[in-house]
Amino acid sequence: MSFIMYSTPWCGYCKRLKNQLAELDISFEEINIEEFPDGAQIIEKINNGNQVVPTLVFSDGTSMTNPSARAVLEKINLLAAN
């Protein structure tokens, strides 16, 4: 996996991004922050104290908050090239 998606089951933005990534056949690890409190703390640190989902953390340590599927694909391609 090249990234982890922190999400909640009720988040519309999360659902949309997951559907778009599925259409692109992009797999990832998903962490529900409601079931995994440490995940909530991680995204709070990334997002200046806010629990904003979806937040993605990539294998190189960088993150994106509520990105487009296109931005995710570009990042994955960049990681694969290095």
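Is it true that L21 is among the hydrophobic types (A, V, I, L, M, F, W, C) and free of Cβ contacts under 8 Å to residues at least 24 places away in the same chain? Write out each step before concluding.
Working: among the hydrophobic types (A, V, I, L, M, F, W, C): yes; free of Cβ contacts under 8 Å to residues at least 24 places away in the same chain: no.
When the stated conditions are applied, L21 does not pass them.
Quick check on V53: is it touching a Ser or Thr at 6+ places or on another chain (Cβ under 7 Å), among the aliphatic types (A, V, I, L, M) and open to solvent by less than 30 Å² (accessible area, probe 1.4 Å)? Lay out the reasoning, then the answer.
Numbers: touching a Ser or Thr at 6+ places or on another chain (Cβ under 7 Å): yes; among the aliphatic types (A, V, I, L, M): yes; open to solvent by less than 30 Å² (accessible area, probe 1.4 Å): yes.
Yes, satisfied.
Step by step: first the residues of the range 1-27, then only those that are touching a helix residue (DSSP H, G or I) at 6+ places or on another chain (Cβ under 7 Å) and open to solvent by less than 70 Å² (accessible area, probe 1.4 Å), then the one that is nearest to I46 (Cα to Cα). Which residue is that? Spell out how you get there, then give the answer.
Going residue by residue through the range 1-27, those that are touching a helix residue (DSSP H, G or I) at 6+ places or on another chain (Cβ under 7 Å) are 2, 6-8, 17, 20-21, 24, 26.
Those still in the list that are open to solvent by less than 70 Å² (accessible area, probe 1.4 Å) too: 2, 6-8, 17, 20-21, 26.
Working: S2: 18, Y6: 11, S7: 14, T8: 16, L17: 19, Q20: 23, L21: 22, I26: 23 Å.
Across the range 1-27, the extreme among qualifying residues is Y6.
Enumerate the pairs (first residue in the range 24-40 and in contact (Cβ under 8 Å) with a residue 12 or more places away in the chain and closer than 16 Å to S59 by Cα; second residue anywhere and assigned to a loop (DSSP other than H, G, I, E, B) and open to solvent by 40 Å² or more (accessible area, probe 1.4 Å)) with beta-carbon separation below 9 Å, excluding pairs fewer than 6 apart on the same chain, so at least 6 apart or on different chains.
These pairs meet every condition: S27/M1; F28/M1; E29/M1.
Quick one: in the range 56-66, of everything that is touching a Leu at 6+ places or on another chain (Cβ under 7 Å) and not in a loop (DSSP other than H, G, I, E, B), which residue is least open to solvent (accessible area, probe 1.4 Å)? Don't jump to the end; show me each part of the working.
First pass over the range 56-66, keeping only residues touching a Leu at 6+ places or on another chain (Cβ under 7 Å): 58-60, 63-64.
Filter again for not in a loop (DSSP other than H, G, I, E, B), leaving 58, 63-64.
Numbers: F58: 9, S63: 54, M64: 46 Å².
Residue satisfying both the conditions and the ranking: F58.
Quick one: V53 ticks every box in (1) hydrophobic (A, V, I, L, M, F, W, C); (2) free of Cβ contacts under 8 Å to residues at least 40 places away in the same chain; (3) outside any helix (DSSP H, G or I) bar one, so which box is it?
(2)
State the number of residues belonging to the range 28-50 that are under 10 Å from the mean Cα position of the chain (by Cα) and open to solvent by 40 Å² or more (accessible area, probe 1.4 Å).
3
Return yes when L79 is open to solvent by less than 60 Å² (accessible area, probe 1.4 Å), of a type in the set (A, V, I, L, M) and under 17 Å from F28 (Cα atoms) and no when it is not. Give the steps one after another, and end with the answer.
Values: open to solvent by less than 60 Å² (accessible area, probe 1.4 Å): yes; of a type in the set (A, V, I, L, M): yes; under 17 Å from F28 (Cα atoms): yes.
It is true that L79 is open to solvent by less than 60 Å² (accessible area, probe 1.4 Å), of a type in the set (A, V, I, L, M) and under 17 Å from F28 (Cα atoms).
The values are calculated or read from the model by the stated rules, or taken from the named source; none is laboratory data. Remember, predicted model here, so these are calculated numbers, not experimental data. When we count neighbours, we look across all protein chains shown, and the Cβ atoms used for this are built from the backbone with ideal geometry, even at glycine. Note: accessible area is taken over every heavy atom of the protein model, side chains too, but ligands, DNA and RNA are not part of it. Shrake-Rupley method; radii C 1.70, N 1.55, O 1.52, S 1.80 Å.
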